[in-house]
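Working notes, structure below.
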Amino acid sequence: MAEYIVFISHSGVDTWVARQISHHCQRAGAKTFLDEADIQIGIDFEERIKTALDAATELLVLVTPWALERPYVWIEIGVSWDRSIPLVPVLHGITAADLQADNRVPVLLKRRNVIDINRLDRYFEELKQRVEANQPTTKPA
């Protein structure tokens with residue numbers, strides 16, 4: 001089976017937090033894509049994002065007040081919806097009630113089971129289980 005890749009969508013303001021999430025995803029056994037770490041200087045930014053989204057197993061979106069203003073976050077959410085890959089909204093600096101009340105937020109995001117950043121350990125445990133389930137099983141010789 002292919003690598004389990006978590007694409008981490010975030011605002012530039014949230015880069016430090018996104019790095020911490022990436023680190024924990026990797027500890028759970030997943031490979032991650034984080035733009036600031038995985039796009040080299042001089043590379044076509046949009047093409048690299050598209051390639052990474054095409055390869056992603058799931059999209060984790062760090063939903064913050066700043067991320068809601070970032071067009072790339074919305075594009076990345078749209079690609080995950082189009083590809084029918086899991087979309088994991090992580091709330092930071094915004095509540096589930098705020099998200100539901102925001103008219104800019106499409107229903108496809110509002111219908112998700114969101115998780116607050118302070119409960120993210122649960123996500124990492126579930127991610128580890130998904131990664132392990134994705135591993136090939138070896139039969140004894």
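Hand me the list of helices (runs of 4 or more DSSP H) wholly inside segment 55-123 holding 2 or more residues that are buried (at least 19 other Cβ atoms within 10 Å of the Cβ) and of a type outside the set (Asp, Glu).
Of the helices (runs of 4 or more DSSP H) lying wholly inside segment 55-123, those with at least 2 residues that are buried (at least 19 other Cβ atoms within 10 Å of the Cβ) and of a type outside the set (Asp, Glu) span 71-83.
Restricting attention to segment 132-141, does a residue exist that is in contact with a Phe, Trp or Tyr (Cβ under 8 Å, 6 or more places away or on another chain), touching a residue at least 60 places away in the same chain (Cβ under 8 Å) and more than 20 Å from residue 49 (Cβ to Cβ)?
Start the filter on segment 132-141 by keeping residues that are in contact with a Phe, Trp or Tyr (Cβ under 8 Å, 6 or more places away or on another chain), which leaves 134.
Next, from what is left, pick out any that are touching a residue at least 60 places away in the same chain (Cβ under 8 Å): 134.
Imposing the further condition that a residue be more than 20 Å from residue 49 (Cβ to Cβ) reduces the set to 134.
The answer is yes; a qualifying residue exists.
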**OP:** Test residue 69 against the criterion of being at pLDDT 95 or above and of a type outside the set (Lys, Arg), and give yes or no.
**Re:** no
**OP:** Quickly run through segment 6-20 and pick out the residues that are part of a helix (DSSP H, G or I) and farther than 15 Å from residue 66 by Cβ.
**Re:** 19, 20
Original post:
Can you name the number of the only condition in (1) in contact (Cβ under 8 Å) with a residue 60 or more places away in the chain; (2) more than 17 Å from the chain's Cα centre (by Cα); (3) under 21 Å from residue 71 (Cα atoms) that residue 95 fails?
Top reply: (1)
Original post:
Among the residues of segment 72-97, which ones are polar (S, T, N, Q) and more than 18 Å from residue 49 (Cβ to Cβ)?
Top reply: 84, 95
Original post:
If you scan segment 98-135, which residues turn out to be under 18 Å from residue 64 (Cβ atoms) and more than 15 Å from the chain's Cα centre (by Cα)?
Top reply: 98, 99, 100, 101, 102, 103, 104, 105, 106, 110, 118, 119
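The values are calculated or read from the model by the stated rules, or taken from the named source; none is laboratory data. It should be emphasised that the depicted structure is a prediction, and the values quoted were computed from it without experimental measurement. Methodologically, a virtual Cβ is constructed for each residue, glycine included, from the backbone with ideal geometry; neighbour enumeration extends over all protein chains shown.
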